[in-house]
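The values are calculated or read from the model by the stated rules, or taken from the named source; none is laboratory data. The structure displayed is predicted, hence computed values, not measured ones. Positions of Cβ are generated from backbone atoms using ideal geometry, with glycine treated the same way; all protein chains shown enter the neighbour counts. Surface areas here come from the heavy atoms of the whole protein model, side chains and all, with no ligands, DNA or RNA. Shrake-Rupley method; radii C 1.70, N 1.55, O 1.52, S 1.80 Å.
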Amino acid sequence: MGNFKRHINPWLGEMLEHLHMNLDYEKGEGSFLYAKGKAYLDCVSAYGALPFGHNPPEIWAALEKVRSTARPNFMQPSALTPAAELAERLLSLAPPGLDYVTFTNSGAEAVEAAIKLARSATGRNKILTTSNSFHGKTLGALSATGKESYQAAFGAPVPGFDYIPFGDSHALAAYLEADSGKPAAFIVEPVQGEGGVVLPPAGYLKAVRELCSKHQVVLIVDEIQTGLGRTGRLFACETEAITPDVLLLAKALGGGLMPIGAVLSKKDFYSSEYGLKHSSTFAGGTLACEAGIAVLELLTADGQAMVKKAAETGAWLHQRLEVLTAPYDFVTVRGRGLMLGLEFNIDRNTHPHCLLGNLAEQQLLTPLVSSHLLNQHQVRVAPTLNGANVIRIQPPLTITETEAEQLLTALEQTLHLLDQGDTGALLSPLLADGSPTRLPRKRIPRQPQIPRGRKFAFLLHPLAANSFSEFDASLGQLKPEQLDVLIQDWQSELSPFVIGEAPIQSAAGVSATCQFINIPATAKQLMEMNPEASLALVRQGVELAREQGAELVGLGAFTSVVTWGGMRVRDVGVPLTTGNSYTVATAGEAVLQALERLGILPQRTTAAVVGASGSIGSALSHLLAESVGHLVLLGNPSNPQRSRQRLQAVADSICRHLLTEAPDSAIGQMLRRLQPPATTADDDTFTKFFVDAAKNIPITISVDADASLPRADVVATATNSVSELVTPGNVKFGAVVCDLSRPANVSREIKRLRPDVLVIDGGVVELWQRPDLGWNFGFEQGLGYACMAETMLLALEGHLQHTSIGSNIPMETVLMMRKLAQKHGFRVADLRSFDKPLSEADWQRVVRARNGHSKKVN
């Protein structure tokens, strides 16, 4: 597989690796493939190209006979006797009225030849086809394929192709009767295979035949997938007893061993231009045609006994699948004969609080189901190409009921997991160390419709791998390291997606709808990605929010960091907020609450802000400076000179702020005694004052956390780092630590080793009436991060403009958010520590540790 990925198709190779579908099959026989000692029931059959399974001896015998007689294979130009024999046999079996056969090397080439044949016969160029169809991937066949996502990258469709709905004869009549230029041909599948095994209504083909005859349009019926027994008839168009003008075959015609296609046509549409100017070097070769002759002999032996048996087996399997899926409202069986499909109608509404709904909306559910069936049950199925929510069941025509029972058992167990929403169990076969311990879980019922109103969005991402279990509890059965592997594998397959919606109410009587959009990368991944790649990922999320109708978008956690506080995505066309203003306000309030509970006067404390030059750290430093007696501004040690310059600017700004807004604060009073310049003075003047009076100003600049933190009674962290910066060894006895960073910058070891230190989680808000947000974000119901709450408050208020973006957070915006929180009923949540509420026992533990130390000192 490594060489396949390296030399053939790196993108497909990587996807197959992620799904663990990159097996190197060593042997194929009948309905089974074999790899590493395991037998896999093959219900894909090379998309129907294996009518008798793998390595059918009858087809091999025909090929070996060619070798033993040394008959030439390629003889162009000459009369091709084996090709003529196969053509005669095909025409004798096909619907009556077809006269000539053009051989090709594939189904797509057959479509190309049919288009040329119709155009040369009619003198018209336009080709009419159906939406959601599939006719191949060469340029003409791709243009006839009614799926834009397959066409756009290749300059398709080329001019001359139109599309109408499949299964709608009225649409065809309206098109042909309109004055839009008569098409040369109408090409249609009797059953849309890649479109999701879609059957037209009864009588459709008959009506199509009549309309094409009436308007003198060539009817091309594409039986490349349906032909030669697949639907329980030798040809699917026999079901309505019609003869097309052109009939296309391929896939099964080669018996699973040779590539060959055929274009069967009426003589009325076979022109000299086509006959003399269309040719192919390899088409009609002896080996391929002898394989085709052997295929027809097998299918027609004993009065088409094999085809009839396939029809019986298909009907039996269809009925068993109907019974199997009856208890589940999210799956539908469809198809005919042994061309069957299972359609999964799963989304965020059918599977709330479950990642499966989101995977389905990303068109990744059917690949996951296929992977699970392969790796857990040794059953091979595959998604249809256009019908992304359908898996095909196309076993060999020779499959036995005993073999099919293996498929049914596998599906029964898999459907049960889907019904439970057990994402963890479905993903577990992708783990190298086997399945996890099962956690019984019943799927949460479909949620009521979200009330309409102002719509806004909040972008988030998993802080770490285990964050996914906060949304989908079934993932809790996986170990963190297992989730790490899965996320690393699947991250490149995922785009930003809507992970949930929730109605948000206000004490002021207004409401809005919040749509949560997940950026599929952890904080660590976003930081390690190429900056332009991480920016592009977040931009996709903002664009998705706008497309979904959001009037405001909030940037959570590292989505703000990678976009420079929203500045690099402010051109997307929707107002943004980072939520930093309310984050600052709530953090300041939480610190003061903690100090009051412990009986500590703020003006007698030294507060250190780690990350003080960042937007949140800077604003929080301004806010804390109004209350504390001494302030330490800590910057990034990796670039000390640049950090000190930025911290100096923050310190200057704090001095101006205090002299203007809080002159009676402890630090403000000290500043006034030093006779500072007027607050309107230029920056250079103010910086000179600060440097000259630095020893007397209770504001310290530092880039050494280990040296500065042991002197701080209060520590607040607000950095972009994913490292633990506050540890048991560098924090002062009895300190209060407020951690705003996500991921956290405070070591969890502090709780175990330093009972005297109180760690509080900053930026946690209790929303009005504590609504269910669809997942818990690690909190109890109704709690959320302050950055998220700011987005909600702005939406409720109708303040639809850029807010809190960039590196500078004006204090007036912080104060505005305080007022909006009061108006709409939001408040700082009861204090928490390491993601859990602080209990009375927790408070007493800290008090006892502090008191015990005081007694020892005395």
- What is the helix-to-structure angle for 204-214, meaning the angle in degrees between its Cα long axis and the longest Cα principal axis of the chain, kept from 0 to 90 and rounded to the nearest 10? 60 degrees
- In whole Å, what is the distance between the alpha-carbon centres of the stretch 675-754 and the stretch 450-527? 32 Å
- Task: Apply the Karplus parameterisation 6.51 cos²θ - 1.76 cosθ + 1.60, with θ equal to phi minus 60°, to every residue of the stretch 147-161 and state each ³J(HN,Hα) to the nearest whole Hz, in sequence, with x for glycine and proline.
- Result: 9, 4, 5, 7, 9, 3, 6, 10, x, 9, x, 6, x, x, 10
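What number, rounded to the nearest 500 deg cm²/dmol, is the helix-based mean residue ellipticity at 222 nm of the chain, given -39500 (n - 2.57) per DSSP H run of at least four residues and division by all its residues? If you can, show how the numbers build up before the last one.
Details: 31 runs with 346 residues, N = 858.
Result for the chain: -12500 deg cm²/dmol, rounded to the nearest 500.
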- Message: Suppose R0 equals 45 Å. What FRET efficiency, 1/(1 + (r/R0)^6) with r the Cβ-Cβ distance, do GLN304 and LYS27 give to the nearest 0.05?
- Response: 0.90
- Can you tell me which of 667-677, 601-611, 623-633 comes out highest on packing, and rank the rest after it, using the mean Cβ neighbours within 10 Å? 623-633, 601-611, 667-677
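Return one whole number: the accessible area per residue of the stretch 577-648 in Å², for a 1.4 Å probe. Walk me through the numbers before you get to the answer.
Numbers: 2540 Å² over 72 residues.
Ligands and nucleic acids excluded, the result is 35 Å² per residue.
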- Prolate/oblate/rounded label for the stretch 494-600 (Cα gyration tensor, a/c 1.5): oblate
- Amide hydrogen neighbours beyond the local backbone of ILE393, cut-off 5 Å, H modeled: LEU340, GLY341, LEU342
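FRET efficiency for GLU724 and HIS799, Cβ-Cβ distance as r, R0 = 35 Å, nearest 0.05? Provide the component values of the computation, followed by the final result.
Working: r = 36 Å, r/R0 = 1.04.
With a Förster radius of 35 Å, E is 0.45.
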- Which pairs break 18 Å Cα to Cα here: LYS206/LYS309; LYS182/LYS214; LYS116/LYS182; LYS206/LYS308? LYS206/LYS309; LYS206/LYS308
- Could you pull out every one of the aspartates and glutamates with an alpha carbon less than 13 Å from that of LYS688, ignoring same-chain neighbours closer than 8 positions? ASP652
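Which value, in Å², gives the accessible area per residue of the stretch 227-385 when a 1.4 Å probe is used on the protein heavy atoms?
34 Å²
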- Message: Give me a comma-separated list of calculated 3J(HN,Hα) values for the stretch 54-70, in order, Karplus coefficients 6.51, -1.76, 1.60 applied at θ = phi - 60°, integers in Hz, x for any Gly or Pro.
- Response: 8, 6, x, x, 5, 6, 4, 4, 5, 6, 5, 5, 4, 5, 5, 8, 6
- Task: Return the whole-Å distance between the Cα centroid of the stretch 387-407 and the Cα centroid of the stretch 306-341.
- Result: 9 Å
- Query: Taking R0 as 60 Å, what's the FRET efficiency between MET529 and GLU88 from their Cβ-Cβ distance, rounded to 0.05?
  - Reply: 0.45
- Checking rank on 354-367, 535-548, with mean other Cβ inside 10 Å and highest first, the result is 354-367, 535-548
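Determine the shape class of the stretch 683-821: with a ≥ b ≥ c the square roots of the Cα gyration tensor eigenvalues, call it rounded for a/c under 1.5, and otherwise prolate if a/b is greater than b/c, oblate otherwise.
Details: a/c = 2.63, a/b = 1.23, b/c = 2.14.
Taking the square roots of the gyration eigenvalues as a ≥ b ≥ c, the stretch 683-821 is oblate.
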- Which labelled figure in (1) 104, 65, 52; (2) 89, 71, 57; (3) 109, 58, 52 is Cα extents along the principal axes in Å, once derived from the coordinates: (3)
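Taking all protein chains together and a probe of 1.4 Å, list ARG89, ARG754 from the most accessible to the least accessible. Each step should come with its number before you reach the end.
Numbers: ARG89 85, ARG754 40 Å².
The ordering from most to least exposed comes out as ARG89, ARG754.
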- Task: Would you mind computing, in nm to one decimal, how far apart the modelled labels at ARG597 and GLU177 are, each placed 7 Å from Cα along Cα→Cβ?
- Result: 7.7 nm
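Take the solvent-accessible surface of the protein heavy atoms, probe 1.4 Å, and return the percent of it on the stretch 737-858 that carbon and sulfur atoms account for.
Details: 2700 of 5440 Å².
Answer for the stretch 737-858: carbon and sulfur cover 50 percent of the accessible area.
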- Task: Note down the nm distance, to one decimal, between modelled labels 7 Å out along Cα→Cβ at SER638 and at ALA693.
- Result: 3.6 nm
- Integer Hz, Karplus 6.51/-1.76/1.60 couplings in order for the stretch 729-745, x for Gly and Pro: x, 10, 10, 5, 4, x, 6, 9, 10, 10, 9, 9, 6, 9, x, 5, 9
- Message: Let me test this: with uniform point scatterers at the alpha carbons of the stretch 193-257, what is the Debye-based log₁₀ I(q)/I(0) at q = 0.13, 0.26 1/Å?
- Response: -0.37, -1.24
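Let me make sure I get this right: for the stretch 158-314, a, b and c are the square roots of the gyration tensor eigenvalues over alpha carbons, sorted descending. Under 1.5 in a/c it's rounded, otherwise prolate if a/b > b/c, else oblate. Which is it? Working shown, then result.
Numbers: a/c = 2.17, a/b = 1.31, b/c = 1.66.
Here the stretch 158-314 falls in the oblate category.
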- Query: In straight Cα distance, which lysines are under 28 Å from LYS455, not counting same-chain residues fewer than 8 positions off?
  - Reply: LYS819, LYS823
- Cut-off under 5 Å, modelled amide H: who pairs with ALA262 long-range: THR104, LEU249, ALA250
- Query: In debye, nearest 20: dipole of the stretch 711-836 around its Cα centre with unit charges on the Cβ of K, R (+) and D, E (-)?
  - Reply: 220 debye
- Message: As I understand it, the value is the acute angle between the Cα axis of helix 615-625 and the longest principal axis of the Cα atoms of the chain; what does it come to in degrees, rounded to 10?
- Response: 20 degrees
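Restricting to the chain, what percent of DSSP beta bridges are antiparallel, rounded to 5? Before the final figure, lay out the partial values.
Values: 45 of 95 bridges.
Antiparallel: roughly 45 percent of the beta bridges in the chain.
Relative contact order of the chain: what whole-number percent is it, with Cα pairs under 8 angstrom and at least 6 residues apart?
10 percent
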- Rounded to the nearest 10 Å², the accessible area of HIS657 at probe 1.4 Å: 30 Å²
- Query: Measuring from label point to label point, each 7 Å out along Cα→Cβ, what is the ASN125 to TRP843 span in nm?
  - Reply: 8.2 nm
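Applying a 10 Å radius around every beta-carbon, put 45-56, 644-655, 572-583, 204-215 in order of their mean neighbour count, most first.
Details: 45-56: 22.1, 644-655: 20.5, 572-583: 25.5, 204-215: 17.6.
Final packing ranking: 572-583, 45-56, 644-655, 204-215.
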